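Input: a single structure, listed below in structure tokens.
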Amino acid sequence: MVIINKPSGLLSLSGKNPQMLDSVHHRLVSIFPGCTLVHRLDFGTSGLMVVARTKAINAALCHQFSQRSVTKVYSALLCGHLEHNEGVIDAAIAKDPALFPLMSICAVNGKPARSRYQVVERYFQEMPGEKPLPVTRVTLTPETGRTHQLRIHCQHLGYPILGCDLYGGRLLPGTERTPRLMLHASELHLVHPVSGEPIRMRHASPF
């Protein structure tokens, strides 16, 4: 298997449009023919990804993900100062064709989704010509793996992720041309599919 640190602004998998060809998979398959993605990160999210080089390894890793035995920890900057130092967001998420590509919180039609958060620090981001922006640095641990889960859960909590263009997170001045989502997959814990040894991977947040 291959462990990578995906940059923000790169697709995990190529799209149908020729302009969306560049991706993690497109780059790696030229180096490791036959490799497959075990999981994905959003276009704007950076951080750790595991890629399988063989079908057998892919099956073993996918089994771990489907059994929710893989722990994923993210670093994020949220707009505003969270009231509580830690908590759980338990809100079902549904696909809504009318809102595509947005997801929605829906207790009736949504699939169960659960995320934990813990505050690392609260501070004020200086904003030229504006009042300082209150920002909270948190760690986010999703217990399920729904599309846009952390982004929509943070919005549901009332504190969207900084730089999130889909769910209300504002951009920092000067980043309009090169915006990024302030979300980074900083830890990945799983079991090696061959040796059975536990692996704890870490990559510090770039922001």
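Some points to look at:
- V119 vs. criteria more than 17 Å from L41 (Cβ to Cβ), touching a Pro at 6+ places or on another chain (Cβ under 9 Å) and touching a residue at least 12 places away in the same chain (Cβ under 8 Å): no
- Complete set of residues in the stretch 127-146 that are surrounded by fewer than 14 Cβ atoms within 10 Å (Cβ to Cβ) and either in a helix (DSSP H, G or I) or in contact with a Leu (Cβ under 8 Å, 6 or more places away or on another chain) (or both): M127
- Residue match in the stretch 22-35 (condition: at pLDDT 95 or above, polar (S, T, N, Q) and under 26 Å from L77 (Cα atoms)): yes
- Residue in the stretch 188-205 that is farther than 19 Å from R68 by Cβ and in contact with a Lys or Arg (Cβ under 7 Å, 6 or more places away or on another chain) present: no
- Among residues of the stretch 67-96 being of a type in the set (K, R) and modelled with pLDDT under 95, the one that is surrounded by the fewest Cβ atoms within 10 Å (Cβ to Cβ) is R68.
- Residue check for P134: out of contact with any helix residue (DSSP H, G or I) (no Cβ under 6 Å at 6 or more places or on another chain), touching a residue at least 60 places away in the same chain (Cβ under 8 Å) and farther than 30 Å from R200 by Cβ: no
- When A91, A76, A59 are checked against the criterion of being of a type in the set (A, V, I, L, M) and within 16 Å of the chain's Cα centre (by Cα), A76 stands alone in meeting it.
- Residue in the stretch 147-169 that is among the aliphatic types (A, V, I, L, M), surrounded by fewer than 17 Cβ atoms within 10 Å (Cβ to Cβ) and touching a residue at least 24 places away in the same chain (Cβ under 8 Å) present: no
- Residue that is surrounded by the fewest Cβ atoms within 10 Å (Cβ to Cβ) [pool: residues in the stretch 97-117 that are in a strand (DSSP E or B) and more than 16 Å from the chain's Cα centre (by Cα)]: K111
The values are calculated or read from the model by the stated rules, or taken from the named source; none is laboratory data. All figures in this text were calculated on a predicted structure; none of them were measured in a lab. No Cβ is skipped: glycine too gets one built from the backbone with ideal geometry, and neighbour counts run over all protein chains shown.
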